[in-house]
Structure formats: structure tokens, C-alpha cells
Ligand SMILES: [Zn+2]
């Protein structure tokens, strides 16, 4: 079965849009509205999409940056990202054990940046 065209409404500007969806199943109003919002060109829908992209990118970045033995910290840092994007927070620093520190912060253009720093402790024997 092919596509059918149904009407959805943007969540932000309430503009009606014809959306092409699979004809294989029924679509709820909510689903159609979500698709219409995803495709809408109004400023707030665009803003929302940009925010979602930033969130997704930051999440991916944190996933790659944080080592697997710090799984809980990974979740913690990902939780912080929306606060950064919403300007509720500028920077969050997590010190693991005195040596390893993770920092997530809002950089230029509101990009979320994550860093891992490791202090190298040099041991010297003093006789
Ligand atoms: Zn819209």
C-alpha cells in the first residue's frame, strides 16, 4: 500500500499541514501533529529541532568521552545537558577521584562541550 495524505497541526503555530504517511495503518491526531511540527518551518518549530539536534549530539559526544567504568557519571552528565541548553546552568564539573574530572559547559553558539581531564600524579621517592 502506498502513502496517504492527512492533516496535522504544528504544536507551536497551529498551522495545518498535509503530511504524507503510510497507508498501512491508522494515525492518531498526536502522531500527525508531531509530524506536522517536525516539518513546519515556523521559528519555534525550527528552534525545537535545533535543540533536539544539540541534545542528541551532546549525548553522543558524552557517550564516547566517558569511559565505561564511569557509567553512572555518563548518565549524570547527559542529565545536565538540557539545563545547559535552557541556560539554567553554564558549567558542571564532576570530580571523580581527585584525578579524573569531567566538565560539560555551554560554549560559543550555545554548543555543549564536554571535556575529560586527568591529573597525572607523579610519585617521587624521597630518601
Ligand atoms: Zn509551526
Take residue 7 and tell me if it is surrounded by fewer than 17 Cβ atoms within 10 Å (Cβ to Cβ), within 16 Å of the ligand (Cβ to nearest atom) and assigned to a strand (DSSP E or B). yes
Residue tally, condition surrounded by 10 or more Cβ atoms within 10 Å (Cβ to Cβ) and assigned to a helix (DSSP H, G or I), over segment 107-127: 1
Please tell me if residue 29 is modelled with pLDDT of 95 or more and more than 12 Å from the ligand (Cβ to nearest atom). yes
Return a yes/no flag: does segment 36-53 have any residue that is more than 16 Å from the ligand (Cβ to nearest atom) and at pLDDT below 95. yes
Scan segment 10-26 for residues that are assigned to a strand (DSSP E or B), surrounded by 14 or more Cβ atoms within 10 Å (Cβ to Cβ) and within 16 Å of the ligand (Cβ to nearest atom) and jot them down. 17, 19
Only one residue in 99, 111 is closer than 16 Å to residue 56 by Cβ, in contact (Cβ under 8 Å) with a residue 12 or more places away in the chain and assigned by TED's automatic domain parsing to the domain that holds residue 53, so which one is that? 111
Pick from 94, 104, 81: which is assigned to a helix (DSSP H, G or I), on the phi < 0 side of the Ramachandran plot, more than 16 Å from the ligand (Cβ to nearest atom) and touching a strand residue (DSSP E or B) at 6+ places or on another chain (Cβ under 6 Å)? 81
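The values are calculated or read from the model by the stated rules, or taken from the named source; none is laboratory data. All figures in this text were calculated on a predicted structure; none of them were measured in a lab. Methodologically, a virtual Cβ is constructed for each residue, glycine included, from the backbone with ideal geometry; neighbour enumeration extends over all protein chains shown.
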